[in-house]
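Working notes, beginning with the structure itself.
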Ligand code: NAD
Ligand code: DAU
């Protein structure tokens, strides 16, 4: 396939989108990127600091606004890569409206615009959560054939977005590909998510809230490995296919909390078991054999190397963390955790 040189990236001021933009600029030396992002509470222009402005242009806009999307895509693109989403499960439990709007309606607006602007390929960044929860057996894994069983409003909205991609391909012949990844960790992750929440709390000697019995399992991957997988799928994935992305790195939440506290030199007594998340999925575990076999993708980071780099980034970027934990975050934290 001809190299993808003009990219239209949505949600590129967020955690994974900004890592993807950095990686694409490095890996495709002559690519040009339009980064289209509404800058919700999770979007942060600090995440784009230092990028080459001749090759990266930021446009503030909402993916649900078809005029704004069409205008930003006026010159077409080789690929649309859709990261823009409401991404936090707990927020979707408080209120699902924004999730349906951005994740479902916004995806359809982008699919329509991609067709109108004759975009070659549409990459939908999805999640393992569309496949629901696995039993606690070590021979049960998500594959690309696993049924859709989304359990939270967030995962239901992401499943709906995948269906819309499938329909755009089947009905209109749009070239769509989907990636489904597990839990990302790394620099610039908004501190509402488990790992940066633990890190930022523990660094201030505040309690680390662990839901329920802490034995829920997540399959962790460094954000740059996820982004390398998305690049591979964008460039070489087969049209219409879905690729699961995972680093074979299952961990119980309480073990993750212990590792983080240990790496920071903080006592395990900071762990505080709190009320469980309603409908909390028990286990995610991804079989990544398809992307390994077809595209030769492999994670480059181990859990140990990735965690060490991540912790170093949070320690060295205390101002970024302090800004993220300000204002609206405080309100959200009080609503979610009360006084932990
Ligand atoms: P994030 O919440 O950090 O970033 C989301 C970005 O989307 C923000 O910059 C935000 O401003 C932007 N955005 C939100 N609504 C928008 C709208 N209406 N129009 C334009 N921009 C909008 O999310 P993330 O963790 O970086 O996740 C990115 C994508 O990857 C999401 O689609 C998510 O479902 C998917 N994903 C995330 C993970 C994970 O572990 N974080 C794992 C698998 C898949
Ligand atoms: O699996 C991929 C998904 O991973 C992505 O699609 C989502 O966008 C991303 O947010 C993430 O979803 P999770 O719900 O798994 O991530 P979160 O960081 O919210 O929680 C990870 C685990 O830690 C989960 O079992 C819930 C638990 N948890 C979370 C928080 C915020 C706690 O025990 N305490 C907490 O305070």
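The values are calculated or read from the model by the stated rules, or taken from the named source; none is laboratory data. Predicted model, so just to flag it, every value in this text is computed and none were measured. Here Cβ is always computed from backbone atoms with ideal geometry, including for glycine, and neighbour counts include all displayed protein chains.
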Next item on the list: Consider residue 79 carefully, then state whether it is under 28 Å from residue 327 (Cβ atoms) and either within 16 Å of ligand 2 (Cβ to nearest atom) or in contact with a helix residue (DSSP H, G or I) (Cβ under 9 Å, 6 or more places away or on another chain) (or both).
Entry: no
Check: Can you pull out the residues in region 226-240 that are touching a strand residue (DSSP E or B) at 6+ places or on another chain (Cβ under 8 Å) and crowded, with 19+ Cβ neighbours inside 10 Å?
Finding: 226, 229, 230, 233, 234, 237
Next item on the list: Run residue 199 past the list (1) away from ligand 2 (no atom under 15 Å from the Cβ); (2) under 21 Å from residue 302 (Cα atoms); (3) in a helix (DSSP H, G or I) and report the number of the one that doesn't hold.
Entry: (1)
Note to self: I'd like to know if region 151-162 contains one or more residues that are buried (at least 18 other Cβ atoms within 10 Å of the Cβ) and touching a strand residue (DSSP E or B) at 6+ places or on another chain (Cβ under 6 Å).
What the structure shows: yes
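Could you go through region 84-97 and let me know if any residue there is in the same structural domain as residue 107 (by TED's automatic domain parsing), under 23 Å from residue 223 (Cβ atoms) and more than 14 Å from ligand 1 (Cβ to nearest atom). Explain how you work it out, then say what you get.
The initial filter retains those residues of region 84-97 that are in the same structural domain as residue 107 (by TED's automatic domain parsing), namely 84-97.
Narrowing the set further to residues that are under 23 Å from residue 223 (Cβ atoms) leaves 84-92.
From the residues that got through so far, the ones that are more than 14 Å from ligand 1 (Cβ to nearest atom) too are none.
Within region 84-97, not a single residue is in the same structural domain as residue 107 (by TED's automatic domain parsing), under 23 Å from residue 223 (Cβ atoms) and more than 14 Å from ligand 1 (Cβ to nearest atom).
Report, by residue number, each residue of region 136-157 that is farther than 15 Å from residue 279 by Cβ and within 12 Å of ligand 2 (Cβ to nearest atom). I'd like the intermediate steps shown before the answer.
From region 136-157, those farther than 15 Å from residue 279 by Cβ are 136-148; that's our starting set.
The one that is farther than 15 Å from residue 279 by Cβ and within 12 Å of ligand 2 (Cβ to nearest atom): 142.
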Next item on the list: Could you tell me whether any residue of region 228-236 is modelled with pLDDT of 95 or more and closer than 30 Å to residue 335 by Cα?
Entry: no
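Here is a yes/no grid of residues against (1) out of contact with any helix residue (DSSP H, G or I) (no Cβ under 7 Å at 6 or more places or on another chain); (2) within 15 Å of ligand 1 (Cβ to nearest atom); (3) within 19 Å of residue 313 (Cα to Cα):
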residue	(1), (2), (3)
179	no, yes, no
183	yes, yes, yes
202	no, no, yes
264	no, no, yes
275	yes, no, no
286	no, yes, no
Check: Out of region 185-196, which residues are more than 7 Å from ligand 2 (Cβ to nearest atom) and either modelled with pLDDT under 95 or not in a loop (DSSP other than H, G, I, E, B) (or both)?
Finding: 185, 196
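When only residues in region 30-46 that are surrounded by fewer than 16 Cβ atoms within 10 Å (Cβ to Cβ) and more than 15 Å from residue 72 (Cβ to Cβ) count, which is nearest to ligand 2 (Cβ to nearest atom)? Walk me through how you get there before you give the answer.
So the first thing to find is which residues in region 30-46 are surrounded by fewer than 16 Cβ atoms within 10 Å (Cβ to Cβ), and the list is 30, 39, 41, 45-46.
So of that shortlist, the ones also more than 15 Å from residue 72 (Cβ to Cβ) come out as 30, 41, 45-46.
Numbers: 30: 32, 41: 14, 45: 21, 46: 20 Å.
Applying the filter and picking the extreme gives 41.
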Check: Only one of 63, 16 is more than 16 Å from ligand 2 (Cβ to nearest atom), in contact (Cβ under 8 Å) with a residue 12 or more places away in the chain, buried (at least 19 other Cβ atoms within 10 Å of the Cβ) and not in a strand (DSSP E or B); which?
Finding: 63
Item checked: Condition met for residue 68 (within 22 Å of residue 108 (Cβ to Cβ), surrounded by 15 or more Cβ atoms within 10 Å (Cβ to Cβ) and without any contact (Cβ under 8 Å) to a residue 40 or more places away in the chain) -> yes
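Would you point out which residue out of 27, 49 is surrounded by fewer than 23 Cβ atoms within 10 Å (Cβ to Cβ), at pLDDT 95 or above and out of contact with any helix residue (DSSP H, G or I) (no Cβ under 9 Å at 6 or more places or on another chain)? Explain how you work it out, then say what you get.
Values: 27 fails: out of contact with any helix residue (DSSP H, G or I) (no Cβ under 9 Å at 6 or more places or on another chain).
Step by step, each of 27, 49 is checked, and only 49 is surrounded by fewer than 23 Cβ atoms within 10 Å (Cβ to Cβ), at pLDDT 95 or above and out of contact with any helix residue (DSSP H, G or I) (no Cβ under 9 Å at 6 or more places or on another chain).
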Note to self: Restricting to region 248-282, and then to whatever is surrounded by fewer than 19 Cβ atoms within 10 Å (Cβ to Cβ) and within 19 Å of the chain's Cα centre (by Cα), can you tell me which residue is farthest from residue 148 (Cα to Cα)?
What the structure shows: 251
Note to self: Can you tell me which of (1) in a loop (DSSP other than H, G, I, E, B); (2) surrounded by fewer than 24 Cβ atoms within 10 Å (Cβ to Cβ); (3) touching a strand residue (DSSP E or B) at 6+ places or on another chain (Cβ under 7 Å) is the one residue 54 doesn't meet?
What the structure shows: (3)
Note to self: Need the failing condition index for residue 73 against (1) more than 10 Å from ligand 1 (Cβ to nearest atom); (2) surrounded by fewer than 17 Cβ atoms within 10 Å (Cβ to Cβ); (3) at negative phi, just the number.
What the structure shows: (2)
